[in-house]
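Worksheet: the structure to be examined is printed underneath.
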Amino acid sequence: MKITIIHGQSHQGSTCQIARLLAEKLRGDVTEFFLPRDFGAFCVGCTRCFGESETKCPHFQQLSPITAAMDGADVIILASPVYVYHATGAMKAFLDHYGWRWMVHRPEAKMFSKQAVCLSTAAGRGMRSTNQDMAHSTFFWGVAKTYSYGAAVMETSWERVSAKKKQAIGRKLDRLARKIAKNQGHVQPSWRTKSFFAIMSRVHRRGWNQADADYWRELGWTGKKRPWKA
């Protein structure tokens, strides 16, 4: 199993440690990226990725190693601490660069057979809204199955998190890892994903954006072909 972790911060605090613990329980080959250390640029809103090609993005080359790692992964872990009830600015800036990959535009076929985890921690609350920030992208990318896990660690340092809390987190991660392992290799997109894909198939059949319409037609997605079918 190949695992790619995108950390929404560059320090290795509670969120980082929990994401690594999950990856360890999955027993896979892990590739990690830390934001903004490994990528910190803001989307400039030029829209060339939508109207022309993602290669026209001024940050395309910088993003290429992360894009390749996500495409090659079986499981993508998006991990962010809670910053004012939401994902970090670095995570948001990163996800902004993949708008062209949403089903509204040009989703990557490989995403429809992947699993993802949106993982967050807070001293208190805000994990649900933070995970939702990231899960919006995994859904619209077409990821077949997305899990959410949030931990209220009641501390600002992993070292000060109580042993009892760490044990409870470990047990929950054990259950999550078993679910992921059970689905590995035969996960199917949800009915919601398939329904939205069908809607976009009809939209692109009419060709409202030329770059997107050409992409869908070339892959046969405006007809009966589907990325989750062999």
Report task. Please calculate the 1.4 Å probe accessible area of His86, with all protein chains present, and give it to the nearest 10 Å². Result -> 90
Query raised in the report: Which entries in Lys114/Lys172; Lys145/Lys229; Lys2/Lys164; Lys110/Lys225; Lys110/Lys145; Lys2/Lys225 show an alpha-carbon gap greater than 19 Å?
Result: Lys114/Lys172; Lys2/Lys164; Lys2/Lys225
Requested in this report: Could you check the simple spin-label distance between Gln132 and Trp208, using points 7 Å along Cα→Cβ, in nm with one decimal?
Outcome: 2.4
Query raised in the report: What length, rounded to one decimal in nm, is gained on full extension from Asn183 through to Asp71, with 0.36 nm per residue of separation minus their alpha-carbon distance?
Result: 38.5 nm
Report summary line: If the chain between Lys225 and Ser190 were fully extended at 0.36 nm per residue, the gain over the current Cα-Cα distance would be 10.9 nm
Report summary line: The simple spin-label model distance between Gln62 and Lys165, using points 7 Å out along Cα→Cβ, in nm, is 3.4
Requested in this report: Can you tell me the dipole magnitude for the range 81-143 around its Cα centre, using point charges on the Cβ only (Lys, Arg +1; Asp, Glu -1), in Debye to the nearest 20?
Outcome: 100
Query - Proximal aspartates and glutamates to Lys179, defined as alpha-carbon separation beneath 15 angstrom and excluding residues fewer than eight positions away on the same chain - result: Glu24, Asp74
Query - Förster-model FRET efficiency, 35 Å R0, Arg217 and Thr156, C-beta, rounded to 0.05 - result: 0.10
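In debye, nearest 20: dipole of the chain around its Cα centre with unit charges on the Cβ of K, R (+) and D, E (-)?
Using only the charged Cβ atoms, the result is roughly 1120 debye.
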Query raised in the report: P(r) of the chain in 5 Å steps, Cα pairs, percent per bin?
Result: 1, 7, 14, 18, 19, 16, 12, 7, 4, 2, 1, 0
Query raised in the report: Rg(Cα) of the range 74-201 divided by 2.2 N^0.38 Å?
Result: 1.13
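The values are calculated or read from the model by the stated rules, or taken from the named source; none is laboratory data. Keep in mind that what you see is a predicted model, and the values were worked out from it rather than measured. All Cβ positions, even for glycine, are placed from backbone atoms using ideal geometry, and neighbour counts span all protein chains on display. Heavy atoms of the whole protein, side chains included, go into the accessibility calculation; ligands, DNA and RNA do not. Shrake-Rupley method; radii C 1.70, N 1.55, O 1.52, S 1.80 Å.
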